[in-house]
Amino acid sequence: MNRSKCQEAAEATRTPVRRYQVKRKRILIVEDDRLCLILLRQLLTAQGYEILQSSEGWDGITRARNEQPDLIVMDIKLPVISGLDAILLLKRDDRTKTIPIIAVTGCVTPGDKANALRSGCAAYITKPVKVEELLRTVELFLPSTSSY
């Protein structure tokens, strides 16, 4: 056998290497405070999530409709359109109504929480964000899965 025939024979006996591509869960963060956005992005990226971001409610709605994230983290006090109004619009839209939304906000009264949950939020976290609470809440909606 010449060299090329040997190489062909060797390659034919190799076990195919399977490459598993893990699809990372995508989270859209809608937050107008730059430092809070950076903190949330870094925390969630470190956990392996792919992060989409927006600093304004209308843009967040558009991104949610176009990008179809697995989860949305939404501030309540946003410029132009409030987070509550954005949530109401997302929950009325067939394209986005099933995406869970976690409110992360500085609004801390019991009425604020009730309004957020009534508008369609699946969970409510107050600022300053407690890392463990945020990660535990995200994990409720985006459980870790293995592709192997």
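Only the coordinates and a few stated rules stand behind these numbers; no lab work does. The structure presented is a predicted model; accordingly, all values stated were derived computationally and were not measured. Neighbour counts are summed over all protein chains in view; Cβ atoms, including those assigned to glycine, are modelled from backbone coordinates with ideal geometry.
When the Cα atoms of region 24-135 are aligned to their principal axes, the ranges along those axes come out at 32, 31, 23 Å in descending order. Go ahead and run the numbers for FRET between Ala122 and Arg34, Cβ-Cβ distance against an R0 of 35 Å, rounding to 0.05. E between Ala122 and Arg34, to the nearest 0.05, is 0.85.
Taking amide hydrogens as placed 1.01 Å from N in the peptide plane, the amide H of Val73 sits under 5 Å from those of Leu28, Ile29, Val30, Ile102, each at least 5 positions away in sequence or on another chain.
Starting from the Kirkwood Rh over alpha-carbon pairs, what translational D in µm² s⁻¹ does region 70-148 have by Stokes-Einstein at 25 °C and 0.890 mPa s? The calculation lands on 187 µm²/s.
Pairs of Lys residues in region 24-135 are counted when their Cα atoms are under 25 angstrom apart and they lie 8 or more places apart or on different chains; the count is 14. Among Thr96, Thr126, the order by Cβ neighbours within 10 angstrom, fewest to most, reads Thr126, Thr96.
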